[in-house]
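Take a look at the structure below.
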Amino acid sequence: MTFRLWFAEKLWPEGYNFFSVWNSLSPFEKQEFSAPRHEELFMPDRIVVNRVGSKRSIYTESNQEFTAVYEIAKKNLTRWLKNGQSEPEKVEEKNYYNTLKTRSLLLQYPVEMPIRVLGQLLEIGESTVYERISSVTELVLVPGENNVTLLLMDQKDGAVYRYFLGTDGGELMEAINRYGTGNANMTLSAYELGFYRQPEDSELVPKLILNPFVMLDTSNENQKTEVLQANVPFDDLDD
């Protein structure tokens, strides 16, 4: 109900000016949108399935597998928001990015996703998680023998948190094994390639810093790759 009210009244938590942008771009501004259409606006635009042994698959909404994988992810996200502990464990960033090297499910959103909006999509009215986490751009689910772990970086303070969902990881593990077929084995993250580090020794070389979760296709050097987030500061050069 809250989610639909935000759309009806054009309100947004924390002053996010989504609707001014949507109204200027959308030819459907005056049309009514159903709940499923709303959900599509805030689904991840990419799901990365990581397996041990450099097996990786990437799915977007155009892939048939996307819906099946996302449904499994939704089950775990719903459990997280319903039962998430009020005090998650704060961990180092390397623990977050190292999930790319093990069995995991990475959900990537095109913009910062307010956690409260995600909860409304999943029909979770109130959650202790809302009080702790503001917004995210990625969510990572990692299956274990007797548990599922969720890791995220809160975009408000840049801290990385780990939640234990208290559910069996068998279904998630099975999904990763099934859908991690390796359709993107040559696609590596900026973290794996080391491109996320800021150079220290090259004063005259532009410093390229990528989001560690940016995926780069290494199968063809001439192929253009999609860069989702980059910061390119240049040092001052002498004339």
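Being touching a Ser or Thr at 6+ places or on another chain (Cβ under 6 Å), hydrophobic (A, V, I, L, M, F, W, C) and surrounded by 21 or more Cβ atoms within 10 Å (Cβ to Cβ) is the requirement here; does residue 148 meet it? Yes, satisfied. Residues that are touching an Asp or Glu at 6+ places or on another chain (Cβ under 6 Å) and more than 24 Å from residue 114 (Cβ to Cβ) within segment 136-182 comprise just one, 179.
Screening 121, 106 for residues that are under 16 Å from the mean Cα position of the chain (by Cα) and closer than 15 Å to residue 150 by Cβ leaves exactly one candidate, 106. Considering only residues of segment 58-92 that are part of a loop (DSSP other than H, G, I, E, B) and out of contact with any Asp or Glu (no Cβ under 8 Å at 6 or more places or on another chain), which is surrounded by the most Cβ atoms within 10 Å (Cβ to Cβ)? Filtering segment 58-92 for residues that are part of a loop (DSSP other than H, G, I, E, B) and out of contact with any Asp or Glu (no Cβ under 8 Å at 6 or more places or on another chain), the one surrounded by the most Cβ atoms within 10 Å (Cβ to Cβ) comes out as 84. Counting only residues that are part of a loop (DSSP other than H, G, I, E, B) and not acidic (Asp, Glu), segment 100-134 holds 8 of them. Considering (1) farther than 24 Å from residue 192 by Cβ; (2) crowded, with 18+ Cβ neighbours inside 10 Å; (3) out of contact with any helix residue (DSSP H, G or I) (no Cβ under 9 Å at 6 or more places or on another chain), the lone condition that residue 99 does not fulfil carries the number (1). Candidates 134, 104, 127: the one that is crowded, with 19+ Cβ neighbours inside 10 Å, farther than 18 Å from residue 215 by Cα, of a type in the set (S, T, N, Q) and in the same structural domain as residue 166 (by TED's automatic domain parsing) is 127.
Need the failing condition index for residue 146 against (1) part of a helix (DSSP H, G or I); (2) out of contact with any strand residue (DSSP E or B) (no Cβ under 9 Å at 6 or more places or on another chain); (3) within 26 Å of residue 51 (Cα to Cα), just the number. Only one criterion is unmet by residue 146, namely (1).
The values are calculated or read from the model by the stated rules, or taken from the named source; none is laboratory data. Note that the structure is a prediction, hence the values are computed from the model and not measured. FYI the Cβ positions are ideal-geometry reconstructions off the backbone, even for glycines, and counts take in every protein chain you see.
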